[in-house]
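Engineer: Questions regarding the structure given below will be posed in turn.
The values are calculated or read from the model by the stated rules, or taken from the named source; none is laboratory data. Here the structure is a predicted model, which is why all the values come from computation and not from measurement. Counting neighbours? That spans all protein chains shown, and the Cβs are built from the backbone with ideal geometry, glycine included. Each accessible area value is taken on the protein alone, full model and side chains, heavy atoms only, with ligands, DNA and RNA left out. Shrake-Rupley method; radii C 1.70, N 1.55, O 1.52, S 1.80 Å.
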Amino acid sequence: MKVLLVGSGGREHALAWKLSQSAELTELHCAPGNPGIARHGACHPVRAEDGEGLLALAHALEIDLVVVGPEVPLVAGVGDLLRRNGISVFGPSRAAAQIEGSKTFAKEVMRAAGVPTAEPMSVARPPCVVKADGLAAGKGVFICHTQGELDGALHSLSALGQSIVIEELLEGPEVSVFAVCDGAHAVPLPAAQDFKRAYDEDEGPNTGGMGSYSPVPDIDADELVDLVHRPVLAELAQRREPFVGVLYAGLILTGAGPKVLEFNARLGDPETQSILPLLEGDILRAFAVAAGGDLGGIELSATDDAAVTVVITGGEYPAQDDSGSPITGIDEAEATGALVFQAGTALRDDQLVTNGGRILNVTAIDTTIAGARERAYEAAARISFADARYRTDIAREAAVV
């Protein structure tokens with residue numbers, strides 16, 4: 001099977017690494033990819049949002065399946081364009097991707113499906129949560145305990161030029177739950193937890209994600225998919241907007257039970273980097289049959305191990321990206337047994353350099369979360385570039401459970 005993977009981040013590097021292990025893969029291509037992805041397949045200079053360019057590339061390469069990693073091309077309808085022109089796609093249509101592209105749409109679907117979620121507020125007053133209605137690269141959610149925090153959030157959101165959603169502030173641990181979907185059926189993946197805040201102790205602004213671990217102790221992913229994903233799938237199918245791809249629910253475990261904070265229309269980043277190394281099944285086969293509309297008989301079992309991912313960023317992230325700083329130590333980190341997934345990197349004169357905000361993801365696997373955490377930080381410490389920074393508390397609390 002010839003596969004075209006769309007995207008260029010750490011999630012896509014993890015996907016390329018896992019897809020390359022499939023016995024059904026004959027060729028792996030990526031657009032646009034990155035230097036890490038290039039170790040697993042051929043990279044092509046076509047932007048993820050360039051639907052016409054992706055279509056031309058897929059036809060030229062005689063691609064059998066396109067796997068779309070990021071949310072922006074999905075919400076823009078790239079999958080629809082490819083499907084209309086005879087290309088099989090793992091990723092939702094533009095209509096179904098509105099589950100992520102519009103918080104308002106997602107709330108309507110959840111209400112119709114009877115899925116528990118945060119209650120909307122008609123007036124912004126603390127404590128509350130304010131969100132951009134549309135996509136904001138993981139940086140459009142503000143938790144406001146005080147009026148000062150609320151004023152700052154509203155100012156930041158006004159710069160995005162989007163409508164906003166105001167919700168009650170819910171308390172409890174958060175968990176990310178994913179399911180591979182064919183429009184009607186859902187196959188759960190191991191649950192994960194990510195760390196969105198920029199600094200230790202969950203301080204600082206929201207980011208795209210500073211680390212993750214999987215599985216999450218005492219979380220039954222199958223149970224949560226029954227509660228949340230399958231009713232939403234049924235509701236979308238009833239609206240003739242069937243969801244094909246990975247449906248991702250961000251949940252908060254309140255005293256009154258699990259409630260959905262948000263839905264996403266793709267795999268999480270950096271949760272993917274912790275989940276995929278644990279999977280025993282063939283994800284290419286699962287993606288292909290889901291794209292064809294029939295997940296019957298597919299299982300994606302996981303090992304009993306745990307994985308922890310530490311994200312290494314530029315010094316000013318998320319306020320500013322880093323570009324052109326030479327990166328050293330990846331080989332030494334990988335020599336410890338860790339996986340290093342590249343996210344914001346580029347090659348300049350055969351030297352790997354920084355090219356983004358989140359630069360690298362270091363993932364380690366062990367029989368326990370504590371062991372995986374120790375190994376991930378041991379590997380991360382071997383990597384260096386100017387002003388490199390990472391949180392030191394990823395999975396710390398889970399490691400002592």
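Engineer: Filtering region 258-270 down to residues that are open to solvent by 20 Å² or more (accessible area, probe 1.4 Å) and assigned to a strand (DSSP E or B), which residue is farthest from residue 75 (Cα to Cα)?
Structural biologist: Only one residue fits best here, namely 258.
Engineer: May I ask you to list pairs of residues, at least six apart or on different chains, whose Cβ atoms are under 7 Å apart, with the first in region 373-389 being more than 16 Å from residue 331 (Cβ to Cβ) and modelled with pLDDT of 95 or more and the second being open to solvent by 20 Å² or more (accessible area, probe 1.4 Å) and part of a helix (DSSP H, G or I)?
Structural biologist: Close Cβ pairs satisfying both conditions: 373/399.
Engineer: From the list 352, 347, 300, 339, which residue is of a type outside the set (D, E, K, R), farther than 27 Å from residue 25 by Cα and either in contact (Cβ under 8 Å) with a residue 40 or more places away in the chain or surrounded by fewer than 21 Cβ atoms within 10 Å (Cβ to Cβ) (or both)?
Structural biologist: Going through 352, 347, 300, 339 in turn, just one is of a type outside the set (D, E, K, R), farther than 27 Å from residue 25 by Cα and either in contact (Cβ under 8 Å) with a residue 40 or more places away in the chain or surrounded by fewer than 21 Cβ atoms within 10 Å (Cβ to Cβ) (or both): 352.
Engineer: Related question: Conditions: (1) in contact with a strand residue (DSSP E or B) (Cβ under 8 Å, 6 or more places away or on another chain); (2) in a helix (DSSP H, G or I); (3) at pLDDT 95 or above. Residue 107 meets all but one. Number of the miss?
Structural biologist: Unmet condition: (3).
Engineer: Are any residues in region 110-124 touching a strand residue (DSSP E or B) at 6+ places or on another chain (Cβ under 9 Å), assigned to a loop (DSSP other than H, G, I, E, B) and surrounded by fewer than 18 Cβ atoms within 10 Å (Cβ to Cβ), and if so, which ones?
Structural biologist: Residues satisfying the conditions are 116, 119, 121, 122, 123, 124.
Engineer: How many residues are part of a strand (DSSP E or B) and either under 23 Å from residue 269 (Cβ atoms) or polar (S, T, N, Q) (or both) if we restrict to region 166-183?
Structural biologist: Matching residues across region 166-183 total 9.
Engineer: Let me ask you something else. For region 64-98, how many residues are of a type outside the set (S, T, N, Q), on the phi < 0 side of the Ramachandran plot and surrounded by 20 or more Cβ atoms within 10 Å (Cβ to Cβ)?
Structural biologist: Of the residues in region 64-98, 18 are of a type outside the set (S, T, N, Q), on the phi < 0 side of the Ramachandran plot and surrounded by 20 or more Cβ atoms within 10 Å (Cβ to Cβ).
Engineer: Right, something else. Please give the number of the condition residue 23 fails out of (1) under 18 Å from residue 270 (Cβ atoms); (2) open to solvent by 20 Å² or more (accessible area, probe 1.4 Å).
Structural biologist: (1)
Engineer: Any chance region 357-368 includes a residue that's modelled with pLDDT of 95 or more, out of contact with any Ser or Thr (no Cβ under 9 Å at 6 or more places or on another chain) and open to solvent by less than 70 Å² (accessible area, probe 1.4 Å)?
Structural biologist: Yes: region 357-368 contains one or more residues that are modelled with pLDDT of 95 or more, out of contact with any Ser or Thr (no Cβ under 9 Å at 6 or more places or on another chain) and open to solvent by less than 70 Å² (accessible area, probe 1.4 Å).
Engineer: For region 125-143, give me each residue that is among the small types (Gly, Ala, Ser) and open to solvent by 30 Å² or more (accessible area, probe 1.4 Å).
Structural biologist: 137, 138
Engineer: Does residue 49 fit the bill of being more than 29 Å from residue 209 (Cα to Cα), surrounded by fewer than 24 Cβ atoms within 10 Å (Cβ to Cβ), among the acidic types (Asp, Glu) and in contact (Cβ under 8 Å) with a residue 24 or more places away in the chain?
Structural biologist: Here the answer is no, as residue 49 does not meet what is asked.
Engineer: From the set of residues in region 144-153 that are open to solvent by less than 60 Å² (accessible area, probe 1.4 Å) and touching a residue at least 12 places away in the same chain (Cβ under 8 Å), which is nearest to residue 101 (Cα to Cα)?
Structural biologist: Applying the filter and picking the extreme gives 153.
Engineer: What strands (runs of 3 or more DSSP E) completely inside region 283-401 contain at least 3 residues that are within 30 Å of residue 222 (Cβ to Cβ)?
Structural biologist: It comes to 306-313, 358-366.
Engineer: When region 192-226 is examined, which residues are found to be more than 15 Å from the chain's Cα centre (by Cα), surrounded by 18 or more Cβ atoms within 10 Å (Cβ to Cβ) and outside any strand (DSSP E or B)?
Structural biologist: Passing the criteria: 215, 216, 219, 221, 224, 225.
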